[in-house]
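Structure, as structure tokens:
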Amino acid sequence: MHEQQFPRRKFILTSTAAATGLLAGCLGDDEEPENGEENGNGNENGNGESLPDVTPPETQDPEEGGVYMPAMVHGMKMQGMEMAGPYMVSMSFANPHDFWLMSGDTTDYVQLNEGDTIHLMSRVWNAETDQILPLGGMTATIYQDGELIEERSMWPMLSQQMGFHFGDNFQMDSPGEYEVEITVDPMGATPVGDFSDGVGEQQSATLDLEFTYSDLNEIMWQTLDNSGDPGAVPPMDMGHAPTSEAPGVDTLPGTQVSQEQYDDTVFVTQLLEQHPGTIDSDNPYLVVSPRTPYNDYALPFMGITATTPAVDDTLSLSESFHPAIGHHYGLELPDGSLGDTLTLSVNTPPQVARHRGYQVAFLEYEDIPIELPETL
Amino acid sequence: MDETSHPPLNRRRFMEIAVSIGGVSAFSACLSREESDTPTGIKPSESRDAHLPNRQHAWNDFSETDGHGNVINARHHVILLFNYDSKGLPTSTEQEELESAFRVLEHAFEWSSDGLLFTVAYSPYYFDKYDADLPDSVDLTKPKSLAPFEDPELDDPDIAIHLASNTASNVLGAEEALLGNIDTLNGAPVDHTTEDILTVYDRRTGFVGAGLPAAHDTEANGVPDNAVDEDAPLFMGFKSGFEKNQAPEDKVTIETGPFADGTTQHISKLRQNLHQWYEQDPRPRRVALMFCPAHRDEELVEGVGNNLGNTDMVEEKGCAERTEQDASERGIVGHSQKLARVRDEDGNPLILRRDFDTIDGGHAGLHFLSVQQTIDDFEVTREAMNGTDVAGTGAVGTRNNNGILQYIETLKRGNYLIPPREHRSFPSPRP
């Protein structure tokens, strides 16, 4: 594997840093094309060009689960960005990827299908705060010369390189130019605190998609020597665009209660004196912020409940988003909880589709004890 | 159309393509291919009251039922949306002509799903032409977006006519007769039409029933070739319209006031995007999303679900009560599960669905159509289907793992009043 001139990249390193011997590609333009120019999928265009063979190698997931270095890293081709209400929407594509859908506790493998041409991706962030939002849904409607070609609700996905994004494999009959209307659904998570108008409504933007077989063949991909080892490919450099890392632990408002790694997830919990939203509240507000190790990505779409000696009921944490806290699961503590041990139960693991390296992690959780301080 | 690029034009495909194209040539072509033995209707001399129910929407007793007692919706459908473009209000001459045009259809065909079933309905925009308001006994509101994740066009024609039959040429013929393009219909003279009175706003066609979606999954965009089960009545591959999951006709009927024996009607168009559904979602996941996680875990659904009998078993399995719990603990909620939360005091759903699939525009879709006592009944039901209350408790997203929302886009919505038969021709708000 050759030395690369890396653009500025962000790492979150833990003691088992996976920095050695890896690279993070971004735009394929700067790299020499690697393998994949021959051995097309049998899809040839009139110029004798073939789609690259992107058959993934045998998966080497560690049997014991956890976050691991995938077999390959990939580049992608950016397709621009547009404003949609308060959001900035960016779009890019890569060669088709396999991935895993979450159906509760189970992962459902999505293989590469015949006819899959591109893996279309889109990221959305709040333009004011430059934060990636855990939006509930996004639809891509693809037109060519006014004719509807294809429409899909893209899957919410998590990958080591891209962080949280929307994506899917699309079957495009031919290369060329297309208009893609990206429609962003309102956030399912509860917005907390000051937010610009428009986050509660559907927003859309139209972006141009242009690809050729050459583009697909030129997209960088490379196998990793240390695939299967614990670790993660660092976040891809997005230039001026934000990446999916959660707010740094030191920047979170309130008082930290705990920061513990349970299996493959870092649970950061904070306590605020009261609910940071507009709701009148006297009770402390508990913030639970689960993150991926290595890359510190927020983990969305989890079902978390809590029990505490103070009350009989099981309490539901509410998936929420606050500009300073970021994505989190929040709970207004019942009276008299301070000083108790609150027990968190993760009933449903993150229901976000997983790219390689994340599909045997974030699946099962034991109950997590949180020792609440006596006073704030 | 060369042989190599399309499967042979079998009869089912032929009929449905003819219906979707429409026009006199399609009608003639259909007629020559189908059995010619279609039961005729009421002769002008016969007593109409003896033969025709006062409720235009009384279809159940005149349709077939399967072995489990489920009413089988007619196989072929056309919806014609019309405008009355003249200035001012319809005249009594026009009113008589319109009524006579409808009687032509009743003369030509028996009132049954083998003959022809049809309803004539009026929109709030039609009633706006009049000074008087509709009575309080009618809840007919204008259409609107019904979910934070949809932005449909709002249909505003004056009139909606829904034609249905098991015989494609009956539906096509009825349309051509109404438009004044043919002279006889199943032996009956077509001497009254809408030709000088109404203009066409839109035309929508479709089909429902075993074999029909499978006949079209190669040519329709939005569904993979050959993906749909031969037994499936709809593109998504499962039976719908179980007896216990439909409101009884009595319950959807307006009970008081001048429009008693009428009902309201909601008509929408959904585009279906089923590549993910068939090429990525494994079957157990599809079962959970269409019905309920319990159906997946207990393997209740065989094939398209005919084995379920006369109920989708969602209520019997307690799925509705567990919707929030399943969202939080199992990360997935089913379409039927969310709908089962809406029940009247007798435990019935509020709406009676008569929807059907379509390939209008070359893309797989659903013309959703339901009748209910009030438009509010429909809106409450749709709100339950949105599952916005469970999205954001965690796990389940706005569309992700939230029933079948991932796979559909709402393109159009419209609301109508189906008056009783006696007031079906240019009624005033206070007939």
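For residue A:330, neighbours were defined as the other residues whose beta-carbon sits under 14 Å from its Cβ, and their charges (Lys and Arg +1, Asp and Glu -1) total -3.
Subtracting the Cα-Cα distance of residue B:311 and residue B:51 from their residue separation scaled by 0.36 nm leaves 90.5 nm.
An ellipsoid equivalent to chain B, defined through the eigenvalues of its Cα gyration tensor, has semi-axes of 35, 26, 19 Å when rounded to whole angstrom and sorted largest first. Other protein chain C-beta atoms within 10 Å of residue C-beta, averaged over A:163-173: 1.
For residue A:77, a cut-off of 26 angstrom between C-alpha atoms picks up these lysines, skipping any fewer than 8 places away in its own chain: A:10.
Put simply, when B:376-389, B:54-67, A:343-356 are sorted by average Cβ atoms within 10 angstrom per residue, most first, you get A:343-356, B:376-389, B:54-67. Here r is the Cβ-Cβ distance between residue A:127 and residue B:430 and R0 is 41 Å; the resulting FRET efficiency, rounded to 0.05, is 0.15. For segment B:61-169, trypsin sites (Lys or Arg not before Pro) are listed when DSSP marks them as loop and at most 12 other Cβ atoms sit within 10 Å of their Cβ; the list is B:87, B:144. With R₀ set to 60 Å, the beta-carbon distance separating residue B:85 from residue A:113 gives a calculated FRET efficiency near 0.75.
Which of the residue pairs B:144/B:239; B:144/B:251; B:43/B:251; B:87/B:269; B:239/B:412; B:251/B:338 have a Cα-Cα distance greater than 26 Å in the structure shown?
B:144/B:239; B:43/B:251; B:87/B:269
With a Förster radius of 30 Å applied to the C-beta separation of residue B:66 and residue B:133, the computed FRET efficiency comes to 0.10. Distance between the modelled labels on residue B:145 and residue B:343, one decimal in nanometres: 3.3 nm (7 Å Cα→Cβ projection).
The distance between label points at residue A:258 and residue B:250 comes to 5.9 nm (points 7 Å beyond Cα on the Cα→Cβ vector).
Taking label positions 7 Å along the Cα-Cβ direction at both residue B:422 and residue A:190, the computed distance is 5.4 nm, reported to one decimal. In the protein assembly as shown, if every C-alpha pair distance is counted and binned at 20 Å from zero, what percent goes to each bin? Percent of pairs per bin, in order: 15, 43, 30, 11, 1. Normalising the average separation of contacting C-alpha pairs (under 8 angstrom, six or more residues apart) by the number of residues puts the relative contact order of segment B:247-306 at 14 percent.
In deg cm²/dmol and to the nearest 500, what is the mean residue ellipticity at 222 nm of the protein assembly as shown if only DSSP H runs of at least 4 residues count, each as -39500 (n - 2.57), divided by the residue total?
After summing the helix terms and dividing by the residues of the protein assembly as shown, the value is -4000 deg cm²/dmol.
Quick note: the coordinates plus some simple rules give every number you see, no bench work behind them. Just so it is clear, the structure is predicted and the values come from calculations on it, not from any experiment. All Cβ positions, glycine included, derive from the backbone under ideal geometry; neighbour counts span all protein chains shown.
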